[in-house]
Every structure is written in C-alpha cells, then in structure tokens.
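The values are calculated or read from the model by the stated rules, or taken from the named source; none is laboratory data. As the structure is a computational prediction, the values presented were derived from the model and not from experiment. Positions of Cβ are backbone-derived with ideal geometry, glycine not excepted, and every protein chain shown enters the neighbour counts. Accessible surface is based on the protein model in full, side chains and every heavy atom, while ligands, DNA and RNA are left aside. Shrake-Rupley method; radii C 1.70, N 1.55, O 1.52, S 1.80 Å.
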Amino acid sequence: MKFLIVFVALFALALAAPPAEILRSESDVGPESYKYAYETSDGTSADEAGQLNNVGTEQEAISVKGSYRFIADDGVTYEVTYIADENGFQPQGAHLPVAPEA
C-alpha cells in the first residue's frame, strides 16, 4: 500500500512538471521477479527490483529494493532509497527523519 502511495506521489509530481524527455527506460518482468529503471531529461530517475520469496509456501511474499531521485522546485536534488518487505516500507534519504532505535 505504501509503495502505491509513493508511486502515485511520483506520478502526480510528473504531471505537475513541464514535459520531460525520456532518456532511458528499461524493464524486465518475470513470473517471480521484476526490475525497471528510467531516467528523464529533467533529472528524475528511478530503479526498482522485486523478488518473490518462499514461492508456494504460506510465507510467500515479495521483497522490493529501489530508489528514486528528482529535482524539486527549490532546485535541490532529493534521493530516496527504500526496501519494502515483510517489515514494511523502509525509506532512507538525507532529507528524511530517522527513527530512534529502540
């Protein structure tokens, strides 16, 4: 669900900006894994890879690793790397707060 929210937010950001040219677009989708990457002329880029783990068991789940980068209206480049797995969505970025360790 959180992945969907991030994806929708990036999509909305892309719609709000002037049209950008696609410089690179790659994807590979299989039955148990996928990966994609893209880069545009406005400095936006993203890449992600997902893998289905424990196939055929009750613990079957997908784990995802990826990152995205964009240049905001203030001219600052923001980059987020993330993992999404059985522990939830775990983003990291220099501009994001870090939760204190328990």
- Ordering Ile22, Ile83, Ile71 by the accessible surface of their heavy atoms, 1.4 Å probe, largest first, yields Ile22, Ile71, Ile83
- Quick one: compute the contact order of segment 23-83, relative version, from alpha carbon pairs under 8 angstrom and 6+ residues apart, as a percent. 23
- Simple spin-label model, 7 Å along Cα-to-Cβ: Glu21 to Ala61 in nm? 4.4
